[in-house]
1. Restricting attention to segment 73-114, which residues are modelled with pLDDT of 95 or more and among the small types (Gly, Ala, Ser)?
2. So, of the residues in segment 125-136 that are surrounded by 13 or more Cβ atoms within 10 Å (Cβ to Cβ) and among the charged types (D, E, K, R), which turns out to be nearest to residue 87 (Cα to Cα)?
3. Identify the residue in segment 49-67 that is more than 28 Å from residue 167 (Cβ to Cβ) and in a strand (DSSP E or B) and, among all such residues, is least open to solvent (accessible area, probe 1.4 Å).
4. Give segment 12-31 a look and list any residue that's free of Cβ contacts under 8 Å to residues at least 60 places away in the same chain and either among the hydroxyl-bearing types (Ser, Thr, Tyr) or in a strand (DSSP E or B) (or both), or say none.
5. Quick one: residue 80 ticks every box in (1) buried (at least 19 other Cβ atoms within 10 Å of the Cβ); (2) of a type in the set (A, V, I, L, M, F, W, C); (3) within 18 Å of residue 159 (Cβ to Cβ) except a single one, so which number is it?
6. Are there any pairs, at least 6 apart or on different chains, whose C-beta atoms fall under 8 Å, with the first in segment 57-73 and over 17 Å from residue 116 (Cβ atoms) and the second among the charged types (D, E, K, R) and modelled with pLDDT of 95 or more, and if so, which?
7. Given the criterion assigned to a loop (DSSP other than H, G, I, E, B), free of Cβ contacts under 8 Å to residues at least 60 places away in the same chain and open to solvent by 30 Å² or more (accessible area, probe 1.4 Å), identify the matching residue among 34, 9.
8. Residues of segment 219-235 being open to solvent by 40 Å² or more (accessible area, probe 1.4 Å) and in contact with a Lys or Arg (Cβ under 7 Å, 6 or more places away or on another chain), which ones?
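The values are calculated or read from the model by the stated rules, or taken from the named source; none is laboratory data. Just so it is clear, the model here is predicted, and its values are computed rather than measured. Please note: Cβ atoms are built from the backbone with ideal geometry, for glycine as well, and neighbour counts cover all protein chains shown. These area figures cover heavy atoms from the full protein model, side chains too; ligands, DNA and RNA do not enter into them. Shrake-Rupley method; radii C 1.70, N 1.55, O 1.52, S 1.80 Å.
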Amino acid sequence: MKTVYHKADSRGHANHGWLNSYHTFSFANYQNNDRMNFGVLRVLNDDTVSQGMGFGTHPHRDMEIISIPLEGDLEHKDSMGTTAVIKKGEIQVMSAGTGVQHSEYNKNKDEEVKFLQIWVFPKEVGVEPRYDQKSIKEGEKMNGFQQILSPNKNDDGVWIHQDAWFNLANFKKGNGKNYMLNKKGNGVYAFVLKGSAKVGDRVLNERDGLGIWDTQSFNIEAVEDAEILLMEVPMELPSYLK
């Protein structure tokens, strides 16, 4: 089993006043050749947006973009005609494909919005753009894994154009479980949202990340009550990037 450890305070950081953002991987002005991606996981941004502020209309293409609110409400508008608000307990996906423009704003004037912005390279380029969002609160599981994303349209959670599976892991202190990877050649990037947990042989605290690959499974045990996002992705980049 191989691992790469990213301590929370080693992430890139940009504070624009209205936006306070931490970058696990290279993004915008934060460029680190050792932290360009984890397999096809390209971006993991931990964003806080001030009241009533947000990202103006901007373009994307050939990327799977996932947003997971942690606090507050995030309003989304795009060139496909979508207007939606996503909240804590929901997950949003946008397949940019041949090209799409969108904006994201803090819906509220009296509280910040905190959310994870995640980019995944798709299996192929030039797909038809699409948008989807789903509640993930309804399927919440304690002391287990809750699937919130997969490659399959009929599975739990949203789906993307990639052989990726995302799970939320919620464990009470002292509880744990073994995670079995879904596909050979994949790895898992574990990102601690709350608390602390031992993932494999490493104890992770809030906002620490650990990439794991060349294994079929690994164990997670909560050192204290913990919430962890597990992002299983192919480690080999698609041919169009080589």
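1. 79, 81, 84, 95, 96, 97, 99, 103
2. Here is the first cut: in segment 125-136, the ones surrounded by 13 or more Cβ atoms within 10 Å (Cβ to Cβ) are 125, 127, 129-136.
Now narrow it down to the ones that are among the charged types (D, E, K, R): 130, 132, 134.
Values: 130: 19, 132: 14, 134: 10 Å.
Among them, the one singled out is 134.
3. Top of the filtered list is 54.
4. Of everything in segment 12-31, those that are free of Cβ contacts under 8 Å to residues at least 60 places away in the same chain and either among the hydroxyl-bearing types (Ser, Thr, Tyr) or in a strand (DSSP E or B) (or both) turn out to be 12, 13, 14, 15, 19, 20, 21, 23, 26, 27, 30.
5. Failing condition for residue 80: (1).
6. 57/77
7. 34
8. The first filter runs over segment 219-235 and keeps only residues open to solvent by 40 Å² or more (accessible area, probe 1.4 Å), leaving 219, 221, 223-225, 235.
221, 223, 224, 225 - these are the residues of segment 219-235 that are open to solvent by 40 Å² or more (accessible area, probe 1.4 Å) and in contact with a Lys or Arg (Cβ under 7 Å, 6 or more places away or on another chain).
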